[in-house]
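The values are calculated or read from the model by the stated rules, or taken from the named source; none is laboratory data. Only a predicted model underlies this, so the values are computations on that prediction, with no experimental measurement involved. Every residue, glycine among them, receives a Cβ derived from its backbone with ideal geometry; neighbour counts consider all protein chains shown. Accessible surface areas use protein heavy atoms only, side chains included; no ligands, DNA or RNA. Shrake-Rupley method; radii C 1.70, N 1.55, O 1.52, S 1.80 Å.
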Amino acid sequence: ELLDRLHGAHFLAVVGSSGCGKSSLIRAGLIPALKGGFLVGDRDQWADITMTPGKSPLTRLAHEFAITETELREGGAPLLVKTLREQPEASERNCFLLIDQFEELFRFALSDEHREDAADFVSIVLRLAEQRDFPVFVALTMRSDFLGDCDPFYGLPEAFNRGQYLVPRLSRGQRREAIEGPVQLFKQTITARLVDRVLNDVGDEPDQLPVMEHALMRTWENWQAAGSSGPLDMVHYVAAGTALDALSRDAESAMDGMSEGERAVTATLFKALTDTDAII
């Protein structure tokens, strides 16, 4: 489905709730499919560019194309296309531009002094996807609760309407695959009772996937520490703290060795990373 949308519009917006697997879907699904030749076309090589908007989206985009921000402002999308066409073996290449955590742009645009830069960034990215002088395919990931923030940017809502993919919730069977698959990849086994326990502990909320990932990583480490013999089983999962407590244990462990000053810095950091909604 991602390949179909990308092939048609050269623009793909992967949207979903926090922790639902947007970036993983692109990095572990779409990109390998592109490199495997599943996108129709006569070019089989890819120039991959991955970036996040951060605090200076134009600077970061210019850096990825090995030009200066000033050059990007003056030359815009045509300059980026020219840069791509001058690369070695350009006639055999496509360009895949991934803008991860696109919602960072909206925070950047909150400031009056940055609003125009944010608009320029969007305009350049959309023009890259629209032009056909060089095959550029643009994909971005964004949290679904920021969809309304696209409206002030000219052309962005229309692009989303053409190329949006809303990440669906994994079924229980798919979550089972996500647990068993990595273990099988390393030619090991995991007991059925442990798989069922993990599935029941995590539930079906999409934001629990990172929690499940962390708990399983710690389970794997405990299995290795126990001698790596036999299948991963309940004893290794419980020793890791289970999906209900593994993350909290690691957080407590990180805090244990901190001085009072380091704890104060940690508190400040977490407050800076947190948004609060005004109570009306």
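Both radii are taken from the alpha-carbon atoms of the stretch 1-65; with Rh as the Kirkwood radius, Rg/Rh is 0.99. Averaged per residue, the chain has 57 square angstrom of accessible surface, using a 1.4 angstrom probe with ligands and nucleic acids left out. For Ser91 and Asp275, a Förster radius of 51 Å and the Cβ-Cβ distance give a FRET efficiency of 0.65, rounded to the nearest 0.05.
The alpha-carbon atoms of the stretch 40-110, seen along their principal axes, cover 42, 26, 14 angstrom, with the largest extent given first.
Between His214 and Val195, full extension at 0.36 nm per residue minus the direct alpha carbon distance yields a gain of 5.4 nm.
Past the 25 angstrom mark, what percentage of all C-alpha to C-alpha distances in the stretch 1-159 do you count? Looking at the stretch 1-159, the distances longer than 25 Å represent 27 percent of pairs. Once C-alpha pairs closer than 8 Å and six or more residues apart are averaged by separation and normalised to the residue number of the chain, the relative contact order reads 22 percent.
Extension gain for Thr50-Met234 works out to 62.4 nm (0.36 nm per residue, less the C-alpha to C-alpha distance). Between Glu104, Glu74, Glu260, find the one with the highest GNM mean-square fluctuation for the chain; connect C-alpha pairs within less than 10 Å. Comparing Glu104, Glu74, Glu260 in a Gaussian network model of the chain, the most mobile one is Glu260. Taking 0.890 mPa s as the viscosity and 25 °C as the temperature, the Stokes-Einstein diffusion coefficient of the stretch 119-174 based on its alpha-carbon Kirkwood radius rounds to 187 µm²/s.
From the Cα gyration tensor of the stretch 63-143, with a ≥ b ≥ c the square roots of its eigenvalues, which class applies: rounded if a/c is under 1.5, or else prolate if a/b is larger than b/c, or else oblate? Since a/c reaches 1.5 and a/b is larger than b/c, the shape of the stretch 63-143 is classed as prolate. Cα-based values for the chain, radius of gyration first and Dmax second, are 22.1, 62 Å. Between Leu170 and Lys187, full extension at 0.36 nm per residue minus the direct alpha carbon distance yields a gain of 3.7 nm. Taking chymotrypsin sites (Phe, Trp or Tyr not before Pro) in DSSP loop states with no more than 15 other Cβ atoms inside 10 Å as exposed sites, the chain has its longest site-free stretch at 39-153. By accessible area, using a 1.4 Å probe on protein heavy atoms only, the stretch 221-280 has 59% of its surface on carbon and sulfur. Among 166-173, 30-37, sorting by the average number of other beta carbon atoms lying within 10 angstrom of each residue, highest first, gives 30-37, 166-173.
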